[in-house]
Amino acid sequence: YMNMQYSSLMVRGLLNDNPTMGPFLNSFGNGMMVTNHTGNKVSVHLAMQTGGAAKVQAGLLWRTELKAAAWSQPQVMLNPASGESEIFVQDTSANVYLLSQSGTILFSKNIGEPVVGEVHQIDYYNNGKVQYIFNTTGHVYVLDRLGNDVASYPLRLSAVATAGMVINNSNGSTRYYVPCSNGNIYGYEANGKPLAGWSPKSGVGAVVQL
């Protein structure tokens, strides 16, 4: 995490040539930077939060070392119990991580496949506690806050998924839909059972992005 108010220390060269860069960066709140080192190459991904200058008076707030280089873009999740932001990310060795707001690794788990699309939060047990649901090309996973598989998950998909799932939360229940390479979109209840009345939806072609 970074405080964008002090970002001029990191981009001093740019600021010398562009006097508008400082005010622009200072207009953002906290930022998050992921740096990957591979051989003699370094790649940096930067995400900045809009909404004014950050309150924390620091430059780099924390740094967490993963087991391998980050593969996915870090996704910010909300912990409803504490109201704090948390981060879900995957590395190139297929480990998924949940990080606390202070950078502590809450769990890491190797799932053997890259995550496809976004990670979603659901209340599987309807008790106010959240779990994390997502799909890979071959499976759907539901993990609790300790990184344990929930119930009978992971669920093996009937065909290779071509995009991330779509979640539908309505009437106190959760349903999700996964597009696959055979042209079908499969619908499931939260417990992994095929959605009643959904056969699945066929003939839609290959969905590559949702």
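Read the figures in this text as sums done on the coordinates, not as results from a lab. Model, not experiment: these values are computed from the prediction. With ideal geometry, Cβ positions are generated from the backbone for all residues, glycine too; neighbour counts draw on all protein chains shown.
Please give the contour-minus-distance gain from V160 to A196: 0.36 nm per residue of separation, less the Cα-Cα distance, rounded to one decimal in nm. Mind dumping the intermediate values first?
Details: separation 36, 0.36 × 36 = 12.96 nm, distance 2.15 nm.
Net length gain for the segment: 10.8 nm.
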Using just the C-alpha positions of region 86-196 as equal point scatterers, what log10 of I(q)/I(0) does the Debye formula give at each q in 0.21, 0.22 1/Å? -1.18, -1.28
Please work out the FRET efficiency for the pair V76 and S170, using the Cβ-Cβ distance as r and a Förster radius of 25 Å; give the result to the nearest 0.05. 0.55
Between E65 and H139, the FRET efficiency computed from the C-beta separation at R0 = 30 Å comes out, to the nearest 0.05, as 0.65
For K109, which aspartates and glutamates qualify as cross-link partners when the Cα separation must be under 14 Å and same-chain residues fewer than eight apart are set aside? D91, D144, D149
